Structure formats: structure tokens, C-alpha cells
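Notes to accompany the following structure.
Coordinate-derived values only; no laboratory data. Since the model is a prediction, treat every value here as computed from it, not as a measurement. Virtual Cβ from ideal backbone geometry, glycine too; neighbours counted across all protein chains shown.
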Amino acid sequence: MDGYGFRDVARMEWIKLRSLPSVRWTLLLGMVATAALGVVAGYNTRDAAGDPTSNMLAGVVLGQVITGVLGVLAITGEFGSGMIGATFGAVPRRGLVLAAKAAVWGATFLVAGEAAVLAAFLAGTALLRSGVPHPSLASAGVARAVLMTGAYLALVGLMGLGIGAVLRHGGASIAVVIGGLFVLPLIVGAAQHGYGRLLPELIAGNSLAAVKPVPGFAWSPWLELGIVALYPAVLLTAGGWLLARRDAG
Amino acid sequence: MTKGNTVSIRGLTKRYGGTAAVDDLTFDVQPGAVTGFLGPNGSGKSTTMKILLGLARADAGSALIGGVPYRSLRWPLRTVGAALDGAGFQAGRSGTSHLRALAAASGIPARRVDEVLAEVGLSQAAGQRAGSYSLGMRQRLALAAALLAGPAVLLLDEPLNGLDPAGVRWMRSLIKEQAAQGRTVLVSSHLISEMALTADRLIVIDRGRLVADTTVDGLAARGGGSLEDAFLNLTGGA
């Protein structure tokens, strides 16, 4: 009888995640899209000096939208429906709720993301043209690229959760996720400037997924992964701080 | 279910912009009786309940349950069961899953979910998505969530909305039974006639201020025998 703790709250969040059929189908759609686009991009690789691994991981362009949007809805769906009152009624420590959501959704995104990129890589290599090199997971840097790209999908999902916790409105949060991923790199004109290596979407394609170094992305992929991870870390911290201070409805 | 479960509101004030939704409100809700919380629409009933549940923050004063703020309860749903007006659940999730999630956060076994669904007459529809429920079924699901962990205090916001006559009678007897078992029961409503049938005591507020803290008979006496007259006089609606 010493009161609720992280385990109880995480169990609640896990039951909530599993019991919305739309979440399951959307996640599956994201995985299929990530794998399918990767296979197609791999098949279209014709340059013998290219980076087929990176190409086969190109499907994260779609996958990140799905995990980002699901991350947003993981919390804004509760504000929109009034469910948040029931959640905070059961667990008044709101930071704990957000931490449990991040753990449960983050783990789900990670498993789904890794499964999707592994499927893309394995199916993709089987369908590569004969003129291009056929990477294997044992080749230098390949397993690292595949696993980091799966992790990237989870980090974008957590960014969505953090943005949703800050804004509490689904439409606005999704606009920020999409804008941050796709529009911001265009505005920054990243390829020309040095700032591309600070933007998640560009880091994913040019560093995390790359086996062959890309100009402008000389930093270690580990450092770049850490930079990507800073985004959800800052957003979730801000979100937790704001949740605890604002009225919940 | 001891006297320690008194709800006490002291000098409670909540402003939205420049206007006070709740204005220096003070009253107690005692265990073992049904206390009706009456007031016109927008008089501050829901805001008071939200502050009690820690969902909104007061600008001044306190709202305590058994002497402590809601946020410091160890297992909140075991102490306070609340059914607030408005959805409170997500449309895509079944009633069973909704309650299982809340049970998990409260350290309550999953079999209690089936029990409480039967208590509120929702067993048949328990597996369907809550978005497909009628208004009356939603009220029953909200009540099930409130009763789930066997709390000593019940806060019900407009629990009769959307119920048919048989449902109203059922809800009324359930509310009375909960009080008879020693629980502290606060029921908000804007229906005076219904509160006359359900409540023992009445708290009447208007524009966030307390205008009466009395019994049903006490209020009726002020209106020359008519509760409605007394209510409308007090709340400036006459």
C-alpha cells in the first residue's frame, strides 16, 4: 500500500497503447511502407560505387512520419478526448505519466523501427541488381547503419510525443513534426551550409544510414545519433515541465 | 470510509482571465450523506471539481480530501472516484480496456473490472469501442471508472445527463446506496427537482460564490415551500 510507482503507470500506458486498434494498424502500415520503399530504392541502385545499404534504408522517410505522428497522438489523443482527466486522475504526478508514455511508446517504436529496417535490408539485398555490391550485416559499418536507422525512427516518435506534450493539440503538433522534419532542412538550405549535421532528417540519410561517408557529415554517426537524441530529450523535458504546471482541462 | 474522508473547500478561488469562475468558496462535504452541488450552468461546479481532482490549479484557497490535496494521495482512485462531465475516455478503446488501464495504475486486479462493469449494467457492451456507446452508456462507463477501486469519496458531475427514466431511477438509488454505506458523495447538477429526490444536503453556488449550504427542507423553506423558487431567487434567475 505504499502507492503507485513507475511500473504501475507503465502498465497503464501499455494497456492503453495495445487497446487502440488504430495504433496497431498505423504502426504496421509504417513498417510496411518503410520496408517497401527501401526495397524499391535498393532495386533502383545501379551505381557500382554507390551505397546500397543507405539506399535500402531510404524508407525511413515515410517511417519517420508514422512514428512522429503516432508519438504526437499518444498524448494529444488524450487531450482531445478528455481521457487525460482519467489518466491524471489515476496518476496525478504528470511527469511520471509522460515518462511512462516515453518508455512504453519508445520501446514499441524501437522494436517496430528495427523490424522494419531489418526487413528492408534483408528483402532489399535479395533483390539488388547483380552489378552492385551486395552488403551483408557482417560488412563493416552495415549493421551499425541498419540498427541506428531503426533507432532513429524511435527517436522521431519520441520527438512527436514531446511536441504533443508541449502543444497538447494534435493538428498543430503534427504540423510542427512535419515542418521540422521536411521544411526546416529546406529553409536552412542544409546541404550548402554546415547546419545539416544538426538536423535529424538529414542526419538520418547522410550519417546514420550511410556506410560510405557523405561530404558535410564528417562527424561520427554516434555523435550524430546523440544530436538526434537531444531533440526528444529537450522536448520531453519541456513537455513534462509544462504538463505539471498547466491546468489539464 | 472514516470521518477522515471529509471533503473540505476553504476560500477557494479560480480566475480565468479577469473573471472569477470560483470566488472565495468555502464548504464541507461529510461522509454518509448525498450532498447535492447545485448551480446554474457556468456557476463554477465543474471548475470546483477539477480543482478537487488536481486537474486545475486554484489561485487561492484549498480543496482537500481527508485533509490532504488530491496530488498527494498514494492510490488516488482508491480514495476518490470521479465521473466528470465530458468524455473521459477515447472512442477507439473498449470499455473493458479503458477500465483495465485505470485498474493497472491503481494496483487493482483485472477481475474487478468485470465486476464493476456488471454493477453498472455494461457487461454486454464492455467489449465494444466506447465511441459507439449511447450517452447513457457513457454515463455508466464513467460511473464504473469512479467505482472501480472502491473509493471512500465519490464526485459525480451531472451523472443523470443522458439517462432514460429507468436509468435515472437506477442511478439515484445507486448514489443513495453509496452514501448509506458511509461514503462521501458529492453530486453536481442543475436539476433542482432531481436533487430534491436524491440529496440530503445542498450546496448552492452562483457565479462561483456560495449562496446556500443547507438541507433540502431548509432550501424549500426559503422559497415558501418551492425548491425551484428558492433556487431561482438565490441564483438571480427569478
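The C-alpha atoms of chain A define a longest principal axis, and helix A:21-43 lies at about 10 degrees to it. Nearest 0.05, what FRET efficiency do A:THR26 and B:ALA221 give at R0 = 45 Å with Cβ-Cβ as r? E(calc), rounded to 0.05, equals 0.15. Modelled spin labels at B:LEU197 and B:THR214, positioned 7 Å past Cα toward Cβ, are 2.3 nm from each other. Within the range A:6-245, all pairs of alpha-carbon atoms sorted by distance into 10 Å bins from zero give the percentages 8, 32, 33, 18, 7, 1, 0.
Here the contact order of chain B, divided by its residue count and restricted to Cα pairs under 8 Å and six or more residues apart, works out to 28 percent.
What FRET efficiency would be calculated for the residue pair A:SER220, A:HIS169, taking the C-beta separation as r and a Förster radius of 30 Å, to the nearest 0.05?
Values: r = 37 Å, r/R0 = 1.24.
In this case the efficiency is close to 0.20.
Here the residues A:TRP25, A:TRP105, B:TRP170, ranked from fewest to most Cβ neighbours within 10 Å of their Cβ, fall in the order A:TRP25, B:TRP170, A:TRP105. Specify whether the C-alpha gyration tensor of the range B:47-107 places it in the rounded, prolate or oblate class, a ≥ b ≥ c being the square roots of the eigenvalues: rounded for a/c under 1.5, otherwise prolate if a/b is larger than b/c and oblate if not. It comes out oblate by the Cα gyration axes. In this simple spin-label model, placing a label point 7 Å from the Cα along the Cα-to-Cβ direction at both B:LEU64 and A:ALA126 gives a separation of 6.8 nm. Cβ-to-Cβ counts within 10 Å put B:HIS190, B:HIS98, A:HIS169 in ascending order as A:HIS169, B:HIS190, B:HIS98, the fewest first. Between A:ARG245 and A:ALA107, the FRET efficiency estimated from the beta carbon spacing at R0 = 45 angstrom works out to 0.95. Against chain B, whose longest principal axis is taken from its Cα atoms, helix B:135-147 shows a tilt of about 90°. In this structure, the residue pairs whose Cα-Cα separation is over 19 Å, taken from A:LYS16/A:LYS101; B:LYS14/B:LYS176; B:LYS14/B:LYS50, are B:LYS14/B:LYS176.
Between the Cα long axis of helix A:60-81 and the first principal axis of chain A there is an angle of about 10°, rounded to the nearest 10. Principal semi-axes of the equivalent ellipsoid, √(5λ) from the alpha carbon gyration tensor of chain B, are 29, 20, 17 Å from largest down.
Ranked by how many other Cβ atoms sit within 10 Å of their own Cβ, fewest first, the residues B:PHE37, A:PHE217 fall in the order A:PHE217, B:PHE37.
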